[in-house]
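Participant: Okay, handing you the structure first.
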Amino acid sequence: MGRFCAICEKHRGAGELVGPVIFADDLVVVTHQPLGKGSSPGYLFVETRRHAVTVADLTEAEAAAVGWAVTRAARALRQELAPEAVFSMVTGRSVAHFHQHVFARPPGTPDAVPWHDTTSWPERPRLDEAGLIDLVRGLRRRFA
Ligand SMILES: [Zn+2]
């Protein structure tokens with residue numbers, strides 16, 4: 001048995017990180033952030049299916065799959081939400097399993113709100129259960 005990994009656990013459908021799946025194949029898994037933590041619409045994660053720790057550990061096939069999924073995710077967010085911008089980052093500071101954040105900046109976000117931290121804006125748009133289901137349905141169609 002390997003060491004516990006919250007993202008491997010998530011891919012098995014367990015743990016607090018589990019969110020609705022937008023796309024999944026043998027190489028990558030794309031999900032929306034679960035409700036809670038003041039979720040705003042359009043916060044996605046692109047993760048390798050395999051337990052690769054950092055971007056430098058990806059195989060060529062994983063790297064290609066991640067690139068495709070990130071691009072597709074950004075376009076899907078743009079089409080579904082018409083955001084001010086779509087940003088993406090890889091930090092890997094919290095969980096040592098490759099994951100890339102891809103997220104929408106809501107229209108009208110004040111300039112003072114940091115690009116990487118929309119949750120610091122108290123008036124940001126929020127998601128409820130029904131809104132999340134609708135959004136995920138739309139995003140899935142953009143991956144089909
Ligand atoms: Zn893992």
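Participant: Say we join alpha carbon atoms closer than 10 Å with springs in a Gaussian network model of the chain; which of 94, 40, 120 then has the biggest fluctuation?
Facilitator: 94
Participant: Okay, next question. For the pair residue 91/residue 120, report the inter-label distance in nm, with labels modelled 7 Å from Cα in the Cβ direction.
Facilitator: 1.1
Participant: While we're looking at this one, here's another question. With loop defined by DSSP as not H, G, I, E or B, and exposure as at most 13 other Cβ atoms within 10 Å, which is the longest segment of the chain clear of exposed trypsin sites (Lys or Arg not before Pro)?
Facilitator: On the way: sites that count: 3, 12, 37, 93, 126.
After excluding every exposed loop site, the longest remaining stretch is 38-92.
Participant: In a Gaussian network model over the chain where Cα atoms closer than 10 Å are linked, find which of 123, 84, 62 has the largest mean-square fluctuation.
Facilitator: 123
Participant: Loop-only GluC sites (Glu not before Pro) in the range 1-49, please: DSSP not H, G, I, E or B, and at most 11 other Cβ atoms within 10 Å. Mind dumping the intermediate values first?
Facilitator: Numbers: sites: 9, 16, 47; in loops: 16.
The qualifying sites are 16.
Participant: Also: So what J values fall out for the range 98-104 if you push phi through Karplus, 6.51 cos²θ - 1.76 cosθ + 1.60 with θ = phi - 60°, rounded to Hz, Gly and Pro as x?
Facilitator: 3, 8, 10, 7, 9, 8, 8
Participant: Calculate for the chain the 222 nm mean residue ellipticity that helices alone would give, adding -39,500 (n - 2.57) per DSSP H run of length 4 or more and normalising by residue count, nearest 500 deg cm²/dmol. If you can, show how the numbers build up before the last one.
Facilitator: Details: 3 runs with 43 residues, N = 144.
The helix contribution divided over the chain gives -9500 deg cm²/dmol.
Participant: If we count other beta carbons within 10 Å of each Cβ, what is the order of 28, 18, fewest first?
Facilitator: On the way: 28 23, 18 15.
Ascending number of Cβ neighbours within 10 Å: 18, 28.
Participant: Something else about it: Along the principal axes of its C-alpha atoms, what lengths does the chain span, in descending order and rounded to whole Å?
Facilitator: 45, 29, 28
Participant: Among 53, 30, 102, determine the one that fluctuates most according to a GNM of the chain built with springs between C-alpha atoms less than 10 Å apart.
Facilitator: Per the Cα network of the chain with a 10 Å cutoff, 53 tops the list.
Read the figures in this text as sums done on the coordinates, not as results from a lab. Because the structure is predicted, anything quoted here is derived from the model rather than measured. When we count neighbours, we look across all protein chains shown, and the Cβ atoms used for this are built from the backbone with ideal geometry, even at glycine.
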